[in-house]
Amino acid sequence: MAKRERKPRTPMPEQDPQARARNFEEVALGYTEEMAVEEASRCLACKNKPCVRGCPVNIDIPAFIQLVAERRFKEAAEVVAQANALAAICGRVCPQEEQCEKYCVMAKVNGPVAIGRLERFVADWAREHLPQNGAHPQPAPDAQRVAVVGAGPAGLTCAGDLAAKGYRVCVFEALHELGGVLRYGIPEFRLPRSILDAQIESIRRMGVEFYTNTVVGRTFTIRQLLESGFDAVFIGTGAGAPVFLNIPGEELNGVYAANEFLTRVNLMNAKEFPVEGTPLKRPRRCAVIGAGNTAMDAARTALRLGAEEVTIVYRRSREEMPARAEELHHAEEEGVKFQLLTNPVEFIGDENGWLQRMRCIRMELGEPDESGRRRPHPVPGTEFEMEVDTAIIAVGQTPNPLIRQTTEGLAVEKWGGIVVDERTGATSIPGVFAGGDVATGAATVITAMGAGRRSAIAIDEYLKAKRAAT
Amino acid sequence: MDTEAPQDPRKSGDWISGNGHACRLEGLLNPSSYRFEILEKERLSESVVRMVIRAPLVAASARPGQFLLIRPLEHSERIPLTISHADRAEGAITIIFQEVGATTRELGGLDPGQLVKDLVGPLGTPSDIRRFGTVACVGGGVGIAVMLPVARALKQAGNRVVGIIGARTKDLLILEREMREASEELIVMTDDGSYGAKGLVTDALSRLVERERVDHCYAIGPLPMMHAVCRMTKEKGIPTTVSLDPVMVDGTGMCGGCRVTVGGEAKFTCVDGPEFDGHMVDWDTLRARKSIYREEERLALEARSGKA
């Protein structure tokens with residue numbers, strides 16, 4: 001055992017930074033079987049499983065890792081799949097260092113067991129080695145019906161879980177493709193489209209029906225869904241409304257919300273313009289404002305579109321950056337620059353309304369604010385200008401207002417989120433549940449999935465009670 | 001306006017015709033509700049096309065002033081187009097558009113029996129239809145198609161509608177008969193004097209406001225036209241509503257690309273609009289934003305014609 005503990009984390013092979021900064025291929029290449037077995041052998045199989053407490057969907061982590069160590073990959077994949085229908089995605093985009101891996105006993109020894117990489121390995125292994133067209137039990141003709149609004153991580157998880165419980169589930173999606181933020185927000189170099197497609201297909205095979213091009217709140221309302229014969233509704237519409245800085249010049253051409261920039265590239269494939277119809281101004285000198293995962297995604301996408309210089313501009317210091325350590329590291333390796341303790345105060349354009357420069361001011365950190373992070377203050381007399389033709393604003397999102405504006409009787413928070421029972425996702429309307437960013441504000445893929453899962457359990461209980469009452 | 005089903009929706013002047021029950025479960029869960037077949041196509045002028053497309057769920061809930069997003073082919077851009085008519089009984093909507101860029105030409109190249117790849121709606125906030133009194137409905141070019149459903153609804157709400165429509169030349173003037181039906185009085189203007197009176201719609205509007213009291217004005221058309229109307233009505237103190245169509249991607253408030261400055265605040269055209277108080281709109285920044293992809297539009301056209 002002692003020898004085992006001293007082994008360092010097995011690194012995951014990656015594309016060379018120079019090369020990958022100019023292509024959209026996946027950055028991290030994944031473990032081989034040998035690497036996975038070696039990494040899995042570092043797990044101490046703790047009896048009290050501290051890692052599981054850090055997992056929003058409660059995967060039995062020691063169990064699946066032991067199976068990997070024994071080269072029983074199929075069984076390992078089954079253990080993961082029981083808790084997580086989207087493991088290939090979570091293994092790629094979860095902030096593991098703040099969840100499962102944070103609680104790993106090995107963290108104090110020689111780095112935590114690479115739980116996320118192993119999750120990714122077993123999910124990928126299963127997709128490559130196991131038949132993907134096996135028969136799934138389909139919902140019974142008299143099954144109760146659940147409508148899921150939004151085909152992002154919360155909605156997909158809730159739909160998959162409910163289908164597994166035997167319900168007839170219909171997912172309504174506003175865009176023409178499924179996946180929500182996984183499709184329009186997260187770039188291909190972090191989450192290849194083939195992986196996303198395969199995960200959605202696995203949910204479709206469980207009998208879930210998908211209807212795209214449907215804006216609930218406009219095409220029809222939540223109320224109409226209930227009146228049309230759905231026994232319950234889950235709202236997982238995310239936090240899709242961009243936050244702007246409210247500084248002068250923000251309307252200039254060349255100033256993008258990260259959502260628009262990423263949607264044009266990821267969903268509408270603007271990098272292939274004009275073969276593809278959606279245009280995008282190719283950035284040359286680009287500033288990305290913000291330091292979360294979305295900011296890193298936008299910065300790295302700008303590089304891949306051929307930008308000469310990409311700079312992350314963030315008003316706090318490196319320690320406060322909300323992005324995953326790995327994404328930050330990848331961005332640095334690829335050549336993204338950082339202007340920390342810096343805040344934009346004005347965008348300056350030419351006479352035709354095109355962005356030319358960005359005026360910024362240096363910041364210093366004071367006392368912690370309500371978020372627990374030290375509050376930044378501008379330092380007088382430190383203003384300077386950066387020459388930029390593209391500025392991408394990635395400072396956060398608020399819940400899309402459509403559902404709350406069109407659903408009478410739905411209680412909402414002051415900041416726009418839907419009021420829910422934290423444990424069940426139940427809203428103020430009986431039979432209507434909500435979860436993910438629309439209830440909690442912008443968070444991560446896995447917290448949205450956790451909410452989808454909790455609501456699926458609560459909806460199951462609600463529907464059983466409803467059936468028993470009739 | 002959505003209560004009674006007229007006998008023949010085609011003959012009816014109502015904007016929304018037929019009752020339809022598309023929002024019932026069988027409609028929601030019928031995959032054919034999401035197959036957008038082109039039912040009719042008609043050229044209103046050399047470059048303006050009228051198209052009727054099957055979209056029962058959209059038709060069932062559409063209101064005047066709302067739009068849809070359409071992606072004609074797999075590789076096309078998603079573009080916003082105003083819903084000109086919603087036929088609930090037929091489960092169909094009508095769009096009228098001018099072929100100017102690559103995407104509108106791709107759409108115009110489709111024929112009855114074919115499907116458009118994607119269509120989503122209705123989007124945007126419906127027009128605030130009220131009884132104002134006398135309303136001047138000023139439409140320019142293909143903007144007349146956007147004006148028509150609003151004019152019809154205003155008339156139905158008991159307003160005295162004076163229509164003013166204009167085009168560069170006679171052949172480009174569309175929907176004259178329909179606008180005449182929707183108005184108590186219709187004034188037709190052409191820039192070159194080939195039809196109606198010679199001059200701009202603003203000339204006709206200024207004569208109208210000198211002649212009689214106008215309580216509200218609607219102006220829908222090219223940006224310079226709407227701006228000119230607003231300058232004039234602001235001076236005369238006539239509240240004016242305009243309908244804007246800046247660059248848009250998702251149409252549900254997600255991307256922020258369609259932001260316009262209204263009364264000093266950033267508004268999203270797709271959810272806060274598309275109609276705004278014309279006297280509050282910052283026309284200069286809007287003009288700049290509308291030109292953002294001018295060069296790309298040229299490239300896209302070249303790429304498409306190269307393919308054809």
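The values are calculated or read from the model by the stated rules, or taken from the named source; none is laboratory data. All figures in this text were calculated on a predicted structure; none of them were measured in a lab. Cβ coordinates were reconstructed from backbone atoms using ideal geometry, including for glycine residues, and neighbour counts include every protein chain displayed.
Which of the strands (runs of 3 or more DSSP E) found entirely inside the stretch B:202-308 contain at least 1 residues meeting this: of a type outside the set (S, T, N, Q) and closer than 23 Å to B:I144 by Cβ?
On the way: elements: B:216-220, B:240-243, B:259-262, B:265-268, B:275-277.
In the stretch B:202-308, B:216-220, B:240-243, B:259-262, B:275-277 are the strands (runs of 3 or more DSSP E) which contain 1 or more residues that are of a type outside the set (S, T, N, Q) and closer than 23 Å to B:I144 by Cβ.
Condition (residue is on the phi > 0 side of the Ramachandran plot, surrounded by 24 or more Cβ atoms within 10 Å (Cβ to Cβ) and either assigned to a loop (DSSP other than H, G, I, E, B) or facing another protein chain (nearest Cβ under 9 Å) (or both)) applied to the stretch A:220-231: is it met by at least one residue? Even if it seems obvious, please write down each step before you answer.
Let us first name the residues in the stretch A:220-231 that are on the phi > 0 side of the Ramachandran plot, namely A:229.
Next, only the ones that are surrounded by 24 or more Cβ atoms within 10 Å (Cβ to Cβ) stay: none.
No, that holds for no residue.
With the structure loaded, tell me whether B:E275 is farther than 18 Å from B:Q66 by Cα and not small (G, A, S) or whether it fails that test. Explain how you work it out, then say what you get.
Details: farther than 18 Å from B:Q66 by Cα: no; not small (G, A, S): yes.
Criteria not met by B:E275.
Can you spot a residue in the stretch B:247-269 that is more than 14 Å from chain A (Cβ to nearest Cβ), within 19 Å of the chain's Cα centre (by Cα), among the acidic types (D, E) and buried (at least 19 other Cβ atoms within 10 Å of the Cβ)?
The first filter runs over the stretch B:247-269 and keeps only residues more than 14 Å from chain A (Cβ to nearest Cβ), leaving none.
Within the stretch B:247-269, none of the residues are more than 14 Å from chain A (Cβ to nearest Cβ), within 19 Å of the chain's Cα centre (by Cα), among the acidic types (D, E) and buried (at least 19 other Cβ atoms within 10 Å of the Cβ).
Condition first: out of contact with any Lys or Arg (no Cβ under 8 Å at 6 or more places or on another chain), of a type in the set (A, V, I, L, M, F, W, C) and more than 13 Å from chain A (Cβ to nearest Cβ). Can you find one or more residues in the stretch B:107-116 that meet it?
No, the stretch B:107-116 contains no residue that is out of contact with any Lys or Arg (no Cβ under 8 Å at 6 or more places or on another chain), of a type in the set (A, V, I, L, M, F, W, C) and more than 13 Å from chain A (Cβ to nearest Cβ).
Considering only the stretch A:6-59, state which residues are in a loop (DSSP other than H, G, I, E, B) and of a type in the set (D, E, K, R). If you could, list the steps in order and put the result at the bottom.
Of all residues in the stretch A:6-59, those in a loop (DSSP other than H, G, I, E, B) come to A:6-13, A:15-16, A:21-27, A:29-32, A:41-49, A:54-59.
Passing the criteria: A:R6, A:K7, A:R9, A:D16, A:R22, A:E25, A:E26, A:R42, A:K47, A:K49.
Hey, can you tell me all the residues within the stretch B:219-246 that are of a type in the set (A, V, I, L, M) and within 14 Å of chain A (Cβ to nearest Cβ)?
Passing the criteria: B:L223, B:L244.
Yes or no: A:N246 crowded, with 24+ Cβ neighbours inside 10 Å, within 14 Å of chain B (Cβ to nearest Cβ) and not in a strand (DSSP E or B)? Show your work before the answer.
Numbers: crowded, with 24+ Cβ neighbours inside 10 Å: no; within 14 Å of chain B (Cβ to nearest Cβ): yes; not in a strand (DSSP E or B): yes.
Criteria not met by A:N246.
Filter the stretch A:251-262 for residues that are more than 9 Å from A:Y184 (Cα to Cα) and more than 7 Å from chain B (Cβ to nearest Cβ); which is surrounded by the most Cβ atoms within 10 Å (Cβ to Cβ)?
A:F261
Could you check, for the stretch A:338-350, whether at least one of its residues is closer than 15 Å to A:L303 by Cα, outside any loop (DSSP other than H, G, I, E, B) and away from chain B (no Cβ under 14 Å)?
Checked against the condition, which is being closer than 15 Å to A:L303 by Cα, outside any loop (DSSP other than H, G, I, E, B) and away from chain B (no Cβ under 14 Å), the stretch A:338-350 yields at least one hit.
Might you let me know whether the stretch B:58-71 holds any residue that is over 16 Å from B:S32 (Cα atoms), surrounded by fewer than 21 Cβ atoms within 10 Å (Cβ to Cβ) and either in contact with a strand residue (DSSP E or B) (Cβ under 9 Å, 6 or more places away or on another chain) or at the interface with chain A (Cβ under 8 Å from one of its Cβ atoms) (or both)?
Taking the stretch B:58-71 as the starting set, the residues that turn out to be over 16 Å from B:S32 (Cα atoms) are B:61-71.
Those left that are additionally surrounded by fewer than 21 Cβ atoms within 10 Å (Cβ to Cβ): B:63.
Checking the rest, the ones that are also either in contact with a strand residue (DSSP E or B) (Cβ under 9 Å, 6 or more places away or on another chain) or at the interface with chain A (Cβ under 8 Å from one of its Cβ atoms) (or both) come to B:63.
Taking every residue of the stretch B:58-71 in turn, at least one turns out to be over 16 Å from B:S32 (Cα atoms), surrounded by fewer than 21 Cβ atoms within 10 Å (Cβ to Cβ) and either in contact with a strand residue (DSSP E or B) (Cβ under 9 Å, 6 or more places away or on another chain) or at the interface with chain A (Cβ under 8 Å from one of its Cβ atoms) (or both).
If I ask for residues that are within 25 Å of B:T285 (Cα to Cα) and assigned to a helix (DSSP H, G or I), which ones from the stretch A:266-297 would you list?
Selection gives A:A270 alone.
Say we look at the stretch A:263-287 and pick out the residues that are in contact (Cβ under 8 Å) with a residue 40 or more places away in the chain and more than 9 Å from chain B (Cβ to nearest Cβ); which of these is surrounded by the most Cβ atoms within 10 Å (Cβ to Cβ)? Please lay out each step first, then the result.
Initial filter on the stretch A:263-287 (in contact (Cβ under 8 Å) with a residue 40 or more places away in the chain): A:263, A:265-267, A:271, A:281, A:283-287.
With more than 9 Å from chain B (Cβ to nearest Cβ) added as a condition, the list becomes A:265-266, A:271, A:283-287.
Numbers: A:V265: 25, A:N266: 25, A:K271: 19, A:P283: 27, A:R284: 17, A:R285: 19, A:C286: 27, A:A287: 29.
Looking at residues that are in contact (Cβ under 8 Å) with a residue 40 or more places away in the chain and more than 9 Å from chain B (Cβ to nearest Cβ), I get A:A287.
Taking the stretch B:184-224 as the region of interest, how many residues are farther than 12 Å from B:A167 by Cβ and among the polar types (S, T, N, Q)?
Final tally of qualifying residues: 2.
Only one residue in B:A197, B:A219 is aliphatic (A, V, I, L, M), at pLDDT below 95 and closer than 21 Å to B:L175 by Cα, so which one is that? Spell out how you get there, then give the answer.
On the way: B:A219 fails: at pLDDT below 95.
Unique residue meeting the criteria: B:A197.
Based on this model, can you work out whether A:L191 counts as within 16 Å of A:C90 (Cα to Cα) and either without any contact (Cβ under 8 Å) to a residue 40 or more places away in the chain or among the aliphatic types (A, V, I, L, M) (or both)? Outline the logic, then answer.
Details: within 16 Å of A:C90 (Cα to Cα): yes; either without any contact (Cβ under 8 Å) to a residue 40 or more places away in the chain or among the aliphatic types (A, V, I, L, M) (or both): yes.
For A:L191, the condition - within 16 Å of A:C90 (Cα to Cα) and either without any contact (Cβ under 8 Å) to a residue 40 or more places away in the chain or among the aliphatic types (A, V, I, L, M) (or both) - is met.
Mind listing whichever residues of the stretch B:44-66 are modelled with pLDDT under 95 and part of a strand (DSSP E or B)?
B:V48
Test each condition in (1) over 25 Å from the mean Cα position of the chain (by Cα); (2) within 24 Å of A:H329 (Cα to Cα) for A:V68 and report the one that comes out false.
A:V68 satisfies all of (1) over 25 Å from the mean Cα position of the chain (by Cα); (2) within 24 Å of A:H329 (Cα to Cα) except (2).
Do we have B:D277 as more than 8 Å from chain A (Cβ to nearest Cβ), without any contact (Cβ under 8 Å) to a residue 40 or more places away in the chain and closer than 26 Å to B:V150 by Cα here? Give the derivation first.
Working: more than 8 Å from chain A (Cβ to nearest Cβ): yes; without any contact (Cβ under 8 Å) to a residue 40 or more places away in the chain: yes; closer than 26 Å to B:V150 by Cα: yes.
Spelling it out, B:D277 is indeed more than 8 Å from chain A (Cβ to nearest Cβ), without any contact (Cβ under 8 Å) to a residue 40 or more places away in the chain and closer than 26 Å to B:V150 by Cα.
Can you pull out the residues in the stretch A:287-335 that are among the acidic types (D, E) and farther than 20 Å from A:I348 by Cβ? Outline the logic, then answer.
Of all residues in the stretch A:287-335, those among the acidic types (D, E) come to A:297, A:308-309, A:319-320, A:326-327, A:332-334.
Selection gives A:D297, A:E319, A:E320, A:E326, A:E327, A:E332, A:E333, A:E334.
Scanning the stretch A:306-325 for residues that are at pLDDT 95 or above and outside any loop (DSSP other than H, G, I, E, B), which turns out farthest from A:R20 (Cα to Cα)?
A:V313
Checking the conditions here, which among A:L196, A:L182 is more than 16 Å from A:V149 (Cα to Cα) and away from every other protein chain (no Cβ under 11 Å)? Walk me through it before giving the result.
Numbers: A:L182 fails: more than 16 Å from A:V149 (Cα to Cα).
Within the list A:L196, A:L182, the selection yields A:L196.
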